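Since every read-out is calculated from the coordinates, none of them should be taken as a lab result. These numbers were taken from a predicted model, which means no experiment stands behind them. Ideal geometry is used to build each Cβ from the backbone, glycine not excepted, and the neighbour counts take in all protein chains shown.
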Amino acid sequence: FFASLEMAPGDPILGLTETYVADPRPGKINLGVGIYVDEQGRIPLLPSVHEVEQALAAAAKPRGYLPIDGLAAYNRLTQQLVFGAESPLLAAGRVATAQTIGGSAALRVAADLLKQVAGAGAKVAISNPSWGNHHVVFRTAGFELLEYRYYSAASHGLDLAGMLEDLGKLEPGTVVLLHACCHNPTGVDLDAAQWQQVIGLLKERRLLPFVDMAYQGFDQDTEQDATAVRLLAASGIEAFVVANSYSKSFSLYGERVGALSMVGADRGEAERLQSKIKQVIRTIYSSPSTHGAALVAGVLGSSELRARWEEELGGMRGRIHAMRAGFVEKLAALGAPDFGFINRQAGMFSYSGLSKAQVHRLRDEYAIYALDSGRICVAALNHANLDTVAAAVAAVTR
Ligand code: PLP
Ligand code: TYF
């Protein structure tokens, strides 16, 4: 049956972690995969989450199936976090939301549904560069992939003019995938004024905005980091899509908690969207799992725990900011070329500007792992490894 099957290409990011794990050198450092780890290099279990988890264990509830679109309280609380508690879109009943298996399933479920709507001519425009799974998810769903300019290697910042020019050439109806904040892989984001320009163009060209929000709260705070969603909501654009993930913000990677929200023109359209989302989910995985959603809903549903979670999230964010600053400072002290742009990039990642050859030297000579693109996960730096990493980066860029 399977004799003709060839090996599928591996995931470059998760594959690098496998190489790292197999590396016998002591003191090896993994700046590859995008996972937040604390000062001790461990994935944190947030105390707010732990508290809900203990209460759940004590309650020892039976494990029935969730509805196809997930836990109702989780969906309601997610809508409030993503769109804002006072959102007029929510008041008007224009948002359909379903719990999904991580942000990844939100992307895939939406892509399948949007493909049904768009038919044979389905097109999606993705930033250059972007998270690799964006390409494979939309391609597998049957989309033609297009790219828009985003990152300027010269400035280590945004190529806004290129972005606007490329978006301006897209056919009406094209899906435009946007990173809400903490762009993966570059760490380069739009400010509010730049979002206004982009959103104005999306509206004028009748493009369909699709916001991927996997790092809400990792740059400024949960409210600020949702600026793109707030501005889209206020823009008068009839329809847009948001995929959000709690993997990073709740440090619940393996629990697979995310959600898909689709905004329609009115309440009736949102109800039809909800039914279609459920139809797609039913044919892929039937319904999502209970535990992670119960944790998130438990935290977000209690004003006290929610406030504590915001503080814990602020702690992760603050540590990342401190590591960015410390890294830049140490590199400057070592006489390396200017890395000041790392302080202007946001979230877990930085496009460091290191070449593939320099990244390979880091791996081969120093047991420091980064992606071939030069992306480093700043959240993997800590006071114990900062000097080592800075010295190695200074050495390979000398
Ligand atoms: N979108 C982006 C840009 C990501 O970096 C990730 C991260 O893993 C996801 C979506 C998916 O998140 P999840 O782990 O919740 O599926
Ligand atoms: O970009 C990253 O490192 C994270 C984690 O297939 C990740 O988003 C990487 C690859 C993948 C799933 C998650």
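Overview of values
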{"item": "Extension gain from Lys356 to Ala154, taking 0.36 nm per residue of separation minus the Cα-Cα distance", "result": "71.1 nm"}
{"item": "Cα extents of segment 58-108 along the three principal axes, largest first (Å)", "result": "38, 28, 16"}
{"item": "Scattering curve values for segment 234-283, log₁₀ I(q)/I(0), Debye with Cα scatterers, q = 0.14, 0.21, 0.25 Å⁻¹", "result": "-0.48, -0.83, -0.93"}
{"item": "Residue with peak Gaussian network fluctuation, the chain [Cα springs, cutoff 10 Å], from Ile320, Ile376, Ile43", "result": "Ile43"}
{"item": "Crossing angle, helix 356-366 versus the chain [Cα axis fit, 0-90 degrees, rounded to tens]", "result": "60"}
{"item": "Acute angle (nearest 10 degrees) that the helix 47-59 long axis makes with the longest principal axis of the chain, alpha-carbon atoms", "result": "50"}
{"item": "Separation of the Ala333 and Asn133 label points, Cα + 7 Å toward Cβ, nm", "result": "3.7"}
{"item": "Spatially close lysines, pair count over the chain: Cα under 21 Å, gap of eight or more or interchain", "result": "11"}
{"item": "Relative counts (whole %) of C-alpha pair distances in segment 304-390, using bins that are 10 Å wide", "result": "17, 46, 25, 9, 2"}
{"item": "Counting DSSP beta bridges with both ends in the chain, the antiparallel % (nearest 5)", "result": "50"}
{"item": "Neighbour net charge for Gly374 - beta-carbon separation under 15 angstrom, K R +1, D E -1", "result": "+3"}
{"item": "Compactness of segment 1-134 - radius of gyration and Dmax, Cα, Å", "result": "20.8, 58"}
{"item": "Potential extension, Gln220-Gln194 segment - 0.36 nm per residue separation minus Cα distance", "result": "7.7 nm"}
{"item": "Neighbour cut-off at most 15 other Cβ (10 Å), DSSP loop, chymotrypsin sites (Phe, Trp or Tyr not before Pro), segment 237-336", "result": "Tyr285"}
{"item": "Rounded to 10°, Cα long-axis angle of helix 386-396 versus longest principal axis of the chain", "result": "70"}
{"item": "Highest average packing first - 32-42, 107-117, Cβ atoms within 10 Å", "result": "107-117, 32-42"}
{"item": "Proportion of all alpha-carbon pairs of the chain beyond 39 Å (%)", "result": "18"}
{"item": "Residue-count net charge about His321 - beta-carbon cut-off 13 Å; Lys, Arg +1, Asp, Glu -1", "result": "+1"}
{"item": "Part-to-part distance (alpha-carbon centres) for segment 193-219 and segment 11-42, which is given in Å", "result": "32"}
{"item": "222 nm mean residue ellipticity, helices alone, for the chain (DSSP H n ≥ 4; -39,500 (n - 2.57); rounded to 500)", "result": "-14000 deg cm²/dmol"}
{"item": "Label-to-label distance, nm, for residues given as Ala234 and Phe2 (7 Å Cα→Cβ offset)", "result": "5.4"}
